[in-house]
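**Q** What follows is a single structure, and I will ask about it in a moment.
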Amino acid sequence: MDIATFAGLILGVGAVIVSFIMEGGHLSAIIQAPAMVIVIGGTIGATVITTSMETILRVPRFLGQAFFGKTPEPLETINMIVRMSEKARREGILGLENDLKSISDPFFRKAIQLVIDGTEITVLKTILETEIAYLEERHKRGIAVFQKLGGFSPTLGIIGTVLGLIHTLSNTAEPDRMAAAIAGAFIATLWGVAMANLVYLPIGDKLRLRHEEELAKLDLILEGVISIQSGDNPRVVKTKLLSFIPPNMRGGEM
Amino acid sequence: MDIATFAGLILGVGAVIVSFIMEGGHLSAIIQAPAMVIVIGGTIGATVITTSMETILRVPRFLGQAFFGKTPEPLETINMIVRMSEKARREGILGLENDLKSISDPFFRKAIQLVIDGTEITVLKTILETEIAYLEERHKRGIAVFQKLGGFSPTLGIIGTVLGLIHTLSNTAEPDRMAAAIAGAFIATLWGVAMANLVYLPIGDKLRLRHEEELAKLDLILEGVISIQSGDNPRVVKTKLLSFIPPNMRGGEM
Amino acid sequence: MDIATFAGLILGVGAVIVSFIMEGGHLSAIIQAPAMVIVIGGTIGATVITTSMETILRVPRFLGQAFFGKTPEPLETINMIVRMSEKARREGILGLENDLKSISDPFFRKAIQLVIDGTEITVLKTILETEIAYLEERHKRGIAVFQKLGGFSPTLGIIGTVLGLIHTLSNTAEPDRMAAAIAGAFIATLWGVAMANLVYLPIGDKLRLRHEEELAKLDLILEGVISIQSGDNPRVVKTKLLSFIPPNMRGGEM
Amino acid sequence: MDIATFAGLILGVGAVIVSFIMEGGHLSAIIQAPAMVIVIGGTIGATVITTSMETILRVPRFLGQAFFGKTPEPLETINMIVRMSEKARREGILGLENDLKSISDPFFRKAIQLVIDGTEITVLKTILETEIAYLEERHKRGIAVFQKLGGFSPTLGIIGTVLGLIHTLSNTAEPDRMAAAIAGAFIATLWGVAMANLVYLPIGDKLRLRHEEELAKLDLILEGVISIQSGDNPRVVKTKLLSFIPPNMRGGEM
Amino acid sequence: MDIATFAGLILGVGAVIVSFIMEGGHLSAIIQAPAMVIVIGGTIGATVITTSMETILRVPRFLGQAFFGKTPEPLETINMIVRMSEKARREGILGLENDLKSISDPFFRKAIQLVIDGTEITVLKTILETEIAYLEERHKRGIAVFQKLGGFSPTLGIIGTVLGLIHTLSNTAEPDRMAAAIAGAFIATLWGVAMANLVYLPIGDKLRLRHEEELAKLDLILEGVISIQSGDNPRVVKTKLLSFIPPNMRGGEM
């Protein structure tokens, strides 16, 4: 679970609600179906056009990463690779077959499987790098979806408000109620700007952060698996992999 | 047919209309000829200046690609290239002459024609890469047209609204009807922002996506045709080409 | 004459005027000297500061290019170079002297003059590339002027409107005429946004397009003249130069 | 202490307050809890989502750097390195052990420790460059936090104002008090724009300046320590290091 | 004296004043101390935070360059270098000592001094390139100051206007005078936008232009001095240096 995502969302939305209540407002005043339909529906519509059905279907998974993704702990991965590297030197590459089940990361498991299958080192490298390249592509499209949502949302809020004003101003016969009607028109702007700045754009940024962490981890695994394949000395493997992670995450190791 | 383009357009425009009707408005209130003339006419005018007549005439074709373009299925293309590569080794390059008619993609057909004509490999590569470069140039100009449309449209909406306000405010003698007149002036803003965010900009983004898919396909064909020309082993050709496409699109092939 | 520039300008400005007249306005309402003085004068003033007197004096020439510039027809240039290349092989380099007068492009003429003068090939290349580099610099400054004009114009419109509002609101004693006075203040915004979006920015974009076409033509001439100097086979010259232009512009040549 | 940061903050905030008082306003009119809750709380909330808990916890340290960070004085560092280089040649590398305590910069101390430990030169370089790379990464995330704060703050001001307007316009029965109520709604915009432009964004820029100075210093130390390790002539070391700093900071040295 | 800077400033500010007077306004209406304090003071405050005291103190010198800087006349410099190159071949490098006093450019004088001192050619090049790099750094910080001023100024105008509106709307008891009070609040916006667009941003652009011209001149001197040092043939020196300047500035020389 990503505490920053939850804490930030609660803090951001909470600040809006608390401030509104402090001024004596009722939430029912801003939860208005027409404003929400035009802002949320219109924003999703515009964003769907920009991308492919395939990327749209992947959005729930991206949300899961933003809310529940864990910062990878590279030290664990490094220790695992070093242990496997020792085993491979002791028992041979085939000895790694038993470890396959204990690897939870699918990229890592696939890489070790390829090593066990005796894949040549340049082919192994090409396959894994291609895999990383496609993952990068997929991630970027996911991040782009949230940036597009964040970009279209305020303008759809403006469209909603202008529509509301046009309707309001041309119909209100009683000037007394005009102020309230104008207020209602601004609810769409509120939703458009708030969704963009409290939800879409921050989540897009969090996904980018996750993406960078994930890439760093895959690069680490790629390097480690190639070292195992090459039969490098486990101590050398450890030193090399430790240089991939920030000094303060290296435990007491170096 | 590109479902995402249609679905997004229906969802986006639908959300605007549904929201307006939920608030009790009539569509006739926003379909106003002067606002549409200034926003759509003015936007197209400004965009035409920025580009050449040639690119303008190509716009309908770009719209066709955004709405009806199919995501290329590279696996089919790969299988076709592999079959041709086998045939070329069995019957010689000239044996490919019968296959020419069955190739629907003009770039692919031209490339095979050049191979049959015995074009030297460096010349072949240069010709095909030049072809790709010009296609890229043409695509980019098409994408730029929609970005320009999306950029000019809101400002022409503002021009329309300001013009309307100037006319309204300086003439309305009866203050009672002024609110309705001001409302009318905002219809131009509505059209300008809505056309940009629900039509022009999303379609520009979709064209960019199409463009990237198309380029990836041409690169694949270029590589495949050169392999055929070089008489590579069909199995090697297959492995090489499969590495050009995402793992989940490779069928059970690898 | 560049039809797209004229057609776009007429369409854009026309749409604004037609829309205003459809709503029953009179053009005299928006042609107001104070608004035009502040918007056009202020924009030009700010832009003049950003650049040098020399570039400012070149602006009429840039306007000429945007309105009357012709898309270069590279096929003609190629045929000319090929003919000269044949002649140079037949009669020697000095035989080109008679052709000098028939070359209208000054860059082309200078290049051929240098060849006739027996300039060494590396020196020739350096001189012509330097010439192209300075042309590029000059063009970029011209494009930048129009982008600056387009950037300052809407903000000067805002300055004009704010000035108008300050004057209007603090003086109008009769509330009845206040609406008309506010309307008057918005005329400056109208001019600022309209000049930027219908004139300055589109012309800047057109100049950029012209600039790219011009550069492509000079690169073609540079390559061709060096081929003549080197005494290349005319057929080879033709093939090489044709690869510089888009396939659909090559006539039936290849 | 960074005088520019303090002076700028006092000048900027002071100008706002003085101007307000000159017009006869009371500060109590703008220090309103609901506006501050929504703008400051909402901005921090949105920013927390975009980053990790780890970076958030580092914010006070970044503020300390912006307010109390000293511009490094490279001449001192250079003189220190030159003295150590002389000592190392006279007494051997181990002679530097006594100097360790007198080095206050942790990066410098770590580097000298590695030299004393007899770390091989390529390993030494890799370790120090990795260290610099992670520092750069951490700095960039800190700068990004302030840029995000500066980006979200005005939009949360707008959210606060729209919320206030909705509440105000739909409830005020007495038109007399409506003007005052609208005025209150704008306090949120004021806080949003002022926090961004007087606090967040300028501090982000100051951090970037600090970051560049810090990087330059670390590069200098890296180069110097490698020279010590290589046993370079102290005079050569001095000349080389002086070329890393601006001529006017070199004292009378060169 | 830079005529474009003066002419542009007079034209820009003049257009604003003339337009205001044409509408019947009095300048006293817009010269209001509170608005000027918040806009000018606040903008300078925010900008001071972003940079160092050192750069702030250099601002008057930057203003001097924008208003009184002369476009360098490279042809003069080239002729001087060529004359020195001839003298150095005739009388030896030491013969240049008498010319030192006649060189006004400090960079040029320092370079010649280094040549006379017999500095080795690679060292000479490194020293001069370092000098250029630091000058570039200093120039960039100066340009950045004006861009920051231009970026903060309109937002401080908005802060001033919002402050004014809050004060005005919550206090004005007489609705008759409210319009005039609102008008007063907008004076801050006027100052913020006008200072940015008529002063700060154009001057920043002019400084960038000056910076590019200065760099080109220093590159020319660097190349020339190295040629003198190497004892190149004066005619070769001239040809080489002339290729550094635009053809139309070469006089009748080539």
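The values are calculated or read from the model by the stated rules, or taken from the named source; none is laboratory data. What you are looking at is a predicted structure, and each value in this text was computed from that prediction instead of being measured. FYI the Cβ positions are ideal-geometry reconstructions off the backbone, even for glycines, and counts take in every protein chain you see. Note: areas computed on protein heavy atoms with side chains; ligands, DNA, RNA excluded. Shrake-Rupley method; radii C 1.70, N 1.55, O 1.52, S 1.80 Å.
**Q** Rounded to the nearest 100 Å², what is the buried accessible area between E and C, both sides summed, probe 1.4 Å?
**A** Roughly 3300 Å².
**Q** What value does the protein assembly as shown have for Rg/Rh, both radii from Cα atoms and Rh as Kirkwood defines it?
**A** Working: Rg = 34.7 Å, Rh = 35.6 Å.
Value, to two decimals: 0.97.
**Q** Please state the relative contact order of region E:2-117 as a whole percent: Cα pairs under 8 Å, 6+ residues apart?
**A** Computed value for region E:2-117: 23 percent relative contact order.
**Q** Additional query: Grab the other residues whose beta carbon is less than 11 angstrom from that of A:LYS110, score K and R as +1, D and E as -1, and report the net. Intermediate values should be presented prior to the final figure.
**A** Values: positive: A:ARG109; negative: A:ASP105, A:ASP117, A:GLU131.
Its environment carries a net charge of -2.
**Q** Evaluate Rg over Rh across region C:87-214, taking Cα atoms for both radii and Kirkwood's formula for Rh.
**A** Numbers: Rg = 27.2 Å, Rh = 19.3 Å.
Radius of gyration relative to Kirkwood radius: 1.41.
**Q** Give me the percent of the accessible area of the protein assembly as shown that comes from carbon and sulfur atoms, probe 1.4 Å, all protein chains in place.
**A** C and S fraction of accessible area: 60 percent.
**Q** Determine the shielding of peptide C:32-39 by partner chains: average, over its residues, the number of Cβ atoms on other chains within 10 angstrom of each Cβ.
**A** Details: counts 4, 4, 9, 3, 2, 9, 9, 2.
Shielding by partners across C:32-39 averages 5.
**Q** Once you have the Kirkwood Rh of region C:151-249 from its Cα pairs, apply Stokes-Einstein at 20 °C and 1.002 mPa s and quote D in µm²/s.
**A** Value of D from the Cα-based Kirkwood radius: 118 µm²/s.
**Q** What whole-number value in Å² describes the accessible area per residue of region D:118-199 for a 1.4 Å probe?
**A** Heavy-atom accessible area per residue stands at 39 Å².
**Q** Cα gyration tensor of region A:17-78, axes a ≥ b ≥ c as square roots of the eigenvalues: rounded (a/c below 1.5), prolate (a/b > b/c) or oblate?
**A** Values: a/c = 5.06, a/b = 1.43, b/c = 3.53.
Because a/c hits 1.5 or more and a/b fails to exceed b/c, region A:17-78 counts as oblate.
**Q** Shortest first and in nm with one decimal, please list how far the B:LYS140 label point sits from its counterparts in the other copies (point 7 Å along Cα→Cβ).
**A** B:LYS140 label point versus its equivalents elsewhere: 1.6, 1.6, 2.6, 2.6 nm.
**Q** Find the Rg to Rh ratio for chain D, where Rh is the Kirkwood radius over alpha-carbon pairs and Rg uses the same atoms.
**A** Result for chain D is an Rg/Rh of 1.18.
**Q** When Lys and Arg each count +1 and Asp and Glu each count -1, what net charge do the other residues less than 12 Å away from A:THR55, Cβ to Cβ, add up to?
**A** Values: positive: A:ARG58, A:ARG61, A:ARG138, A:LYS140, A:ARG141, A:LYS148, B:LYS206; negative: A:GLU54, A:GLU137, B:ASP205.
Summing Lys/Arg as +1 and Asp/Glu as -1 gives +4.
**Q** Per-residue Cβ counts within 10 Å, from other chains only, averaged over A:178-190: what number is that? Mind showing how you got there, number by number?
**A** On the way: counts 2, 9, 5, 4, 5, 9, 4, 3, 7, 4, 2, 6, 8.
Per residue, the number of nearby Cβ atoms from other chains is 5 on average.
**Q** Mind giving me the FRET efficiency for D:LEU94 and A:LYS125? R0 is 51 Å, r the Cβ-Cβ distance, nearest 0.05 is fine.
**A** 0.75
**Q** Let me ask another. So what's the net charge close to C:GLU97: Lys and Arg +1, Asp and Glu -1, counting the other residues with Cβ under 11 Å from its Cβ?
**A** Values: positive: C:LYS87, C:LYS101; negative: C:GLU91, C:ASP99, C:ASP117.
Around C:GLU97, the charge tally is -1.
**Q** Show D:ILE221, D:ILE40 ordered by accessible area, largest first, where the area counts protein heavy atoms only and the probe is 1.4 Å.
**A** Of D:ILE221, D:ILE40, the descending order of accessible area is D:ILE40, D:ILE221.
**Q** Given a 1.4 Å probe, how much area per residue of region A:1-74 is accessible, in Å²?
**A** For region A:1-74, the solvent-accessible area averages 47 Å² per residue.
**Q** What 222 nm value per residue comes from the helices of the protein assembly as shown, counting each DSSP H run with n ≥ 4 as -39,500 (n - 2.57) and dividing by all residues, nearest 500 deg cm²/dmol?
**A** -24000 deg cm²/dmol
**Q** Averaged across D:150-163, how many Cβ atoms of other chains sit within 10 Å of each residue's Cβ atom?
**A** Whole-number average of other-chain Cβ neighbours for D:150-163 is 6.
**Q** On to the next question. In straight Cα distance, which lysines are under 18 Å from D:LYS140, not counting same-chain residues fewer than 8 positions off?
**A** Correct list for D:LYS140: A:LYS206, D:LYS148, D:LYS206, D:LYS217.
**Q** Going highest first, how would you order B:205-217, C:198-210 by mean Cβ packing within 10 Å?
**A** My ranking of the peptides, most packed first, is C:198-210, B:205-217.
**Q** Stokes-Einstein diffusion coefficient for region A:8-131 at 25 °C in a medium of 0.890 mPa s, Rh from the Kirkwood formula over Cα pairs: what value in µm²/s?
**A** D, rounded to a whole number, is 123 µm²/s.
**Q** Counting only C-alpha contacts under 8 Å and six or more residues apart, can you give the relative contact order of chain C as a whole percent?
**A** Relative contact order of chain C: 32 percent.
**Q** Sorting check: for C:108-116, D:87-95, which peptide has the highest mean count of neighbouring beta carbons within 10 Å, and how do the rest follow?
**A** On the way: C:108-116: 19.1, D:87-95: 14.3.
Result, highest mean first: C:108-116, D:87-95.
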